[in-house]
Amino acid sequence: MMNKKQISAMATGLSIIFITFAVWAYQGFHLFTHEKVIIKLPQSEIEKMLGQPPRLIWVNHFLLGLEYSLVITLIVTIISTALFFLFKTRKDTQ
Amino acid sequence: MIKTLINIFCILILITSTIHSQGFDIKTSGVQTFSFKDDQQRNQTTFTSITALDEVDGTSNDVSGNISFDVKNVAATLKGEIQISTQSLRTGISKRDKDLVEPKWLNAEKFPIISFTIKKVTGLKKLSANKLLLDLTGTFMLHGVKKDIPVEATITYLDQNSITEQREKGDLLGVSAKFQISLSDFGVENMILGTRVANIISIGVNIIGTNKI
């Protein structure tokens, strides 16, 4: 049986992992983390007359990628597991 | 009677020549040369790679070059070259931008310029008096390798007026082109080619040039 601290450590770890993947999915399932995204600028009159499509510019915008999500998952798993055993040891000692 | 027939014949010749005109029907005439160097870097090329794992969208705003042609006979006289700085490619991920110019990819230090040189016009369709749809063949150079490729381009000519002057002085030429290249044809070999980065890259060129050089 797990004690309250162990349950808390596991629940916190699983919650962080769940939130991480929820954010990753919400932001478009990107393989790699993006620092910038493309947006279309409104066309000027002259650009329309010359048959030009909207110009693209990069703006700062963080999009979480799978690689960072996996790193976060790994770190959280290690910490949660360590806490799980740490709390077990303390209880047994008491 | 004979005079009437001659008149009809002349009108028919005029109509036929207009239909088969190989250039613009605008006020300007003669050979015009357009420069696409824009200090404000508003000219742009785009590229897209799509694989099952990832989609990469990129841009370059460091575009330059010249195009010249006889306004009334674009098909036979069109020539020029468009250049892009290899260092200027951006994909939204700074590490990927750095990787892109490394020797294992495009090797910007050794091959700083990506270019397209027009060889000939293989097809021309007049969309309006100042807009032409062209099928071109040209030499694309990437990674130091040259290869002839087909390109579809729309060119639009605007005589100088109060609206064009808001952008630049002189007559303006808008060029919008798209084509595809295969990276392996240009000696770009990489382990992740075909998985994370597609071998086939779609390229778009959207540029405006002025003849006031």
Neighbours by Cβ (under 6 Å, 6+ apart or cross-chain): first from the stretch A:65-77, in contact (Cβ under 8 Å) with a residue 60 or more places away in the chain; second surrounded by 13 or more Cβ atoms within 10 Å (Cβ to Cβ): A:V76/A:G13; A:V76/A:I16; A:V76/A:I17
Here is a list: B:F116, B:F111. Which entry is of a type in the set (F, W, Y), surrounded by fewer than 19 Cβ atoms within 10 Å (Cβ to Cβ) and either more than 13 Å from every other protein chain (Cβ to nearest Cβ) or more than 26 Å from B:V71 (Cβ to Cβ) (or both)? B:F111
Tell me which residues, restricted to the stretch B:74-105, are farther than 23 Å from B:K37 by Cα and touching a helix residue (DSSP H, G or I) at 6+ places or on another chain (Cβ under 8 Å). B:W105
Here the residues within the stretch A:28-65 that are within 7 Å of another protein chain (Cβ to nearest Cβ), of a type outside the set (K, R) and open to solvent by 70 Å² or more (accessible area, probe 1.4 Å) are A:E35, A:E45
Being over 21 Å from B:V31 (Cβ atoms) and either among the small types (G, A, S) or in contact (Cβ under 8 Å) with a residue 24 or more places away in the chain (or both): is that true of B:G144 here? yes
Hey, does the stretch A:41-55 have a residue that's in contact with a helix residue (DSSP H, G or I) (Cβ under 9 Å, 6 or more places away or on another chain), among the charged types (D, E, K, R) and assigned to a strand (DSSP E or B)? no
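Table: residues versus (1) in a helix (DSSP H, G or I); (2) within 13 Å of another protein chain (Cβ to nearest Cβ); (3) under 11 Å from the mean Cα position of the chain (by Cα).
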{"residue": "A:T12", "(1), (2), (3)": "yes, no, no"}
{"residue": "A:I17", "(1), (2), (3)": "yes, no, yes"}
{"residue": "A:Y68", "(1), (2), (3)": "yes, yes, yes"}
{"residue": "A:I79", "(1), (2), (3)": "yes, no, no"}
{"residue": "A:L83", "(1), (2), (3)": "yes, no, no"}
{"residue": "A:L86", "(1), (2), (3)": "yes, no, no"}
Consider A:F85 carefully, then state whether it is at pLDDT below 95, within 25 Å of B:G58 (Cβ to Cβ) and open to solvent by 30 Å² or more (accessible area, probe 1.4 Å). no
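For the stretch B:42-59, state whether one or more residues are more than 14 Å from chain A (Cβ to nearest Cβ) and either at pLDDT 90 or above or over 14 Å from the mean Cα position of the chain (by Cα) (or both).
As a first pass, look at the stretch B:42-59 and keep what is more than 14 Å from chain A (Cβ to nearest Cβ): none.
Checked the stretch B:42-59: no residue is more than 14 Å from chain A (Cβ to nearest Cβ) and either at pLDDT 90 or above or over 14 Å from the mean Cα position of the chain (by Cα) (or both).
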Restricted to the stretch B:154-183, and to residues that are open to solvent by less than 20 Å² (accessible area, probe 1.4 Å) and in a helix (DSSP H, G or I), which residue is nearest to the other protein chains (Cβ to nearest Cβ)? B:T164
Taking the residues in the stretch B:25-41 that are more than 22 Å from B:K178 (Cβ to Cβ) and among the hydrophobic types (A, V, I, L, M, F, W, C) as candidates, determine which candidate is farthest from the other protein chains (Cβ to nearest Cβ). B:V31
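Quick one: is B:V151 part of a strand (DSSP E or B), open to solvent by less than 50 Å² (accessible area, probe 1.4 Å) and either among the aliphatic types (A, V, I, L, M) or at pLDDT 95 or above (or both)?
On the way: part of a strand (DSSP E or B): yes; open to solvent by less than 50 Å² (accessible area, probe 1.4 Å): yes; either among the aliphatic types (A, V, I, L, M) or at pLDDT 95 or above (or both): yes.
Yes, satisfied.
The values are calculated or read from the model by the stated rules, or taken from the named source; none is laboratory data. Computed from a prediction, not measured in an experiment: that's the story for all the values here. Every residue, glycine as well, gets a Cβ built from its backbone with ideal geometry; the counts of neighbours run over all protein chains shown. For accessibility, only protein heavy atoms count, side chains too; no ligands or nucleic acids. Shrake-Rupley method; radii C 1.70, N 1.55, O 1.52, S 1.80 Å.
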